């Protein structure tokens with residue numbers, strides 16, 4: 001196998017991994033703070049994809065430029081979901097929360113089917129067939145833009161959680177819920193804010209992924225599963241873990257496809273998942289509970 | 001308390017009942033013959049193969065007025081959706097039979113059709129397959145399953161022969177090839193057929209690699225990169241629709257222009273592909289079951305299709321779905337009844353000469369398969385589909401080698 005082919009595929013895997021990581025960041029952020037396992041993760045991302053699609057179809061807005069609008073819309077949806085629905089079940093048994101999120105996922109798929117129909121739709125950008133040449137590397141331009149956008153969004157999220165007072169308050173809730181309540185933090189509002197921020201992140205991922213993949217309502221399951229694989233490998237609740245997990249899955253899938261058979265790609269990401277669950281159940285960058 | 005003797009019907013009542021039955025019988029027969037045949041149409045109407053299923057439905061819909069004009073009795077569709085899922089296909093077939101379907105047709109995909117065949121055989125309801133190529137479907141000894149579509153072996157055999165004809169005609173042949181195929185029932189059976197035939201039929205090239213992929217894959221960059229790394233001059237694909245579009249985009253992005261891209265499956269000739277890819281979808285050759293343009297019914301179907309669906313190319317999906325409806329109506333007419341047993345016997349004795357597909361007509365062997373069907377090489381040209389091989393009834397000159405992606409106007 002020529003070295004340039006290996007380099008090309010590994011780089012493409014890295015870029016894909018960044019997008020996987022971004023798509024999982026929202027799931028990890030929400031779980032890390034609220035301990036809610038968001039089974040409607042993929043469905044929210046598909047909503048984000050449709051949002052970007054509508055903005056493109058009606059206003060000619062490219063998906064990357066649609067990120068702020070779609071992000072804001074998903075923030076509002078996420079905030080409302082947590083404040084109006086999920087907060088009511090915060091102290092309910094876990095299986096009740098799982099069922100709530102699963103029900104929400106089914107409803108969102110049905111809503112997408114009613115609104116947009118079952119067919120795959122895409123944005124046809126002029127740059128759809130462009131590639132970037134760097135030495136021996138020939139990279140899909142959209143994948144490069146997607147990778148850069150993923151890094152930018154992840155960076156913003158890190159900065160927010162590290163330096164912004166609200167981010168610090170959210171981290172306080174994640175670290176010690178009782179302590180946060182004792183010092184006067186409005187935990188339910190912060191939870192709603194976290195769900196909103198996580199959803200905005202998922203919306204941004206949807207915009208970016210729309211440049212690479214056609215959207216249809218049944219796409220959601222695939223991305224929910226993928227996000228779970230990524231965050232379990234990286235560590236549930238760890239933002240840097242989500243990015244690392246995404247990169248590992250992206251690169252391992254690409255190299256497995258190259259060196260063995262492309263149809264074995266998924267086997268490798270799930271193999272990695274099983275290995276992490278056996279050797280380090282808390283995930284690569286997760287904290288032991 | 002009534003005794004057993006008391007509950008026996010009186011002689012007078014029995015005679016009156018028998019007379020009533022005798023009187024009602026002719027009307028019952030008249031009702032059976034007058035009522036339309038209920039046809040369960042099982043297709044992937046949503047999911048990754050949704051667009052293809054919708055094309056198939058257009059073929060079924062085109063059939064209704066044409067069959068009426070040809071003097072066939074009325075048939076009534078009971079449409080159901082497999083959602084491109086084999087388990088769902090099984091469930092909806094059971095449901096449509098339970099709801100009164102007297103005959104079933106479908107289901108485009110070999111995996112789903114395998115499930116349909118099992119259900120129909122078990123329930124004793126005839127199945128007329130519109131499109132499904134996996135050879136085992138008609139090798140199970142089923143009595144109620146009939147396929148009017150070339151099987152994988154025939155598709156593979158014709159694909160090799162048509163290519164040989166093309167390369168001899170153009171006096172230029174690729175030296176090496178890569179086979180890139182979906183790993184579903186259809187893709188695997190076609191691959192097995194191709195590799196087996198390559199041992200016996202001498203071709204100008206050898207396969208440098210055989211790459212399988214998931215038909216629902218989100219990304220095919222690795223697959224194309226791997227194929228490109230072999231330096232092959234021919235890319236041979238066995239694909240579906242969404243992956244055909246992904247493959248083409250990756251070929252362009254990775255700047256790989258082989259001498260030819262040929263396909264032995266759906267995808268590249270579909271309307272959505274042609275509209276989405278535009279000039280980038282040009283010059284790809286599909287070696288697929290097709291219509292015979294010289295047959296009168298073909299010309300009529302194309303004319304009606306152009307009126308009903310302006311701007312849409314009539315393709316394999318339309319043609320074989322149209323013929324499936326034709327077979328159902330023809331069997332119903334000859335059976336004179338919607339009784340599944342009589343319909344089955346009528347289907348087994350099918351002998352339709354006025355048809356559309358390539359071959360001598362529609363007739364089934366003892367296994368329920370129509371072995372006389374042929375394939376053609378169709379090239380995408382400016383959004384239209386042109387027959388380029390066999391040269392005997394080609395309507396266009398083949399463009400080969402195909403122009404590089406960056407050299408297209």
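Tell me, please, whether a residue that is farther than 19 Å from residue A:52 by Cβ, crowded, with 17+ Cβ neighbours inside 10 Å and more than 14 Å from every other protein chain (Cβ to nearest Cβ) can be found in the range A:104-116. Yes, some residue in the range A:104-116 is farther than 19 Å from residue A:52 by Cβ, crowded, with 17+ Cβ neighbours inside 10 Å and more than 14 Å from every other protein chain (Cβ to nearest Cβ). A single member of B:348, B:366, B:394 is away from chain A (no Cβ under 14 Å) and surrounded by fewer than 13 Cβ atoms within 10 Å (Cβ to Cβ), and it is B:366. If you go through the range A:259-271 and keep only what is free of Cβ contacts under 8 Å to residues at least 40 places away in the same chain and within 11 Å of chain B (Cβ to nearest Cβ), you end up with A:260, A:261, A:262, A:263, A:264, A:265, A:266, A:267. If the condition is being farther than 18 Å from residue B:377 by Cβ and more than 14 Å from every other protein chain (Cβ to nearest Cβ), then the range B:167-184 contributes B:175, B:176. Only one of the numbered conditions (1) surrounded by fewer than 16 Cβ atoms within 10 Å (Cβ to Cβ); (2) within 14 Å of chain B (Cβ to nearest Cβ); (3) free of Cβ contacts under 8 Å to residues at least 24 places away in the same chain is not met by residue A:137, and that is (3). When the range A:1-35 is filtered for residues that are crowded, with 24+ Cβ neighbours inside 10 Å, more than 14 Å from chain B (Cβ to nearest Cβ) and either in contact with a strand residue (DSSP E or B) (Cβ under 8 Å, 6 or more places away or on another chain) or over 30 Å from residue A:136 (Cβ atoms) (or both), the ones remaining, listed by number, are A:24, A:25, A:26, A:27, A:28, A:29, A:30, A:32, A:33, A:34. Residues in the range A:241-258: is at least one modelled with pLDDT of 90 or more, surrounded by fewer than 18 Cβ atoms within 10 Å (Cβ to Cβ) and more than 11 Å from every other protein chain (Cβ to nearest Cβ)? No, the range A:241-258 contains no residue that is modelled with pLDDT of 90 or more, surrounded by fewer than 18 Cβ atoms within 10 Å (Cβ to Cβ) and more than 11 Å from every other protein chain (Cβ to nearest Cβ).
What residue, of A:274, A:233, is surrounded by fewer than 23 Cβ atoms within 10 Å (Cβ to Cβ) and either out of contact with any helix residue (DSSP H, G or I) (no Cβ under 6 Å at 6 or more places or on another chain) or more than 11 Å from every other protein chain (Cβ to nearest Cβ) (or both)?
One residue alone meets the criteria, A:274.
A quick yes/no check of all residues on (1) at positive phi; (2) within 14 Å of chain A (Cβ to nearest Cβ); (3) free of Cβ contacts under 8 Å to residues at least 24 places away in the same chain; (4) under 15 Å from the mean Cα position of the chain (by Cα):
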| residue | (1), (2), (3), (4) |
| --- | --- |
| B:274 | no, yes, no, no |
| B:279 | no, yes, no, no |
| B:288 | no, no, no, yes |
| B:291 | no, no, no, yes |
| B:309 | no, no, no, no |
| B:312 | no, no, no, no |
| B:315 | no, no, no, yes |
| B:323 | no, no, no, yes |
| B:327 | no, no, no, yes |
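Restricting attention to the range B:247-270, the residues being closer than 19 Å to residue B:320 by Cβ and either more than 14 Å from every other protein chain (Cβ to nearest Cβ) or surrounded by fewer than 23 Cβ atoms within 10 Å (Cβ to Cβ) (or both) number 6. When B:76, B:87, B:102 are checked against the criterion of being surrounded by fewer than 23 Cβ atoms within 10 Å (Cβ to Cβ), over 18 Å from residue B:53 (Cβ atoms) and out of contact with any helix residue (DSSP H, G or I) (no Cβ under 6 Å at 6 or more places or on another chain), a single residue qualifies: B:76. Checked against (1) surrounded by 15 or more Cβ atoms within 10 Å (Cβ to Cβ); (2) within 25 Å of residue A:287 (Cβ to Cβ); (3) at pLDDT 90 or above; (4) more than 14 Å from chain B (Cβ to nearest Cβ), residue A:205 passes all but condition (4).
The condition (being touching a residue at least 40 places away in the same chain (Cβ under 8 Å) and buried (at least 22 other Cβ atoms within 10 Å of the Cβ)) is satisfied by just one residue among B:244, B:232: B:232.
Would the range A:108-131 turn up any residue that is assigned to a loop (DSSP other than H, G, I, E, B) and under 30 Å from residue A:176 (Cα atoms)?
No, there is no match, as no residue in the range A:108-131 is assigned to a loop (DSSP other than H, G, I, E, B) and under 30 Å from residue A:176 (Cα atoms).
The values are calculated or read from the model by the stated rules, or taken from the named source; none is laboratory data. No experiment lies behind these values; they were computed from the predicted model shown. For neighbour counting, all protein chains shown are included, and Cβ atoms are generated from backbone atoms with ideal geometry for every residue, glycine included.
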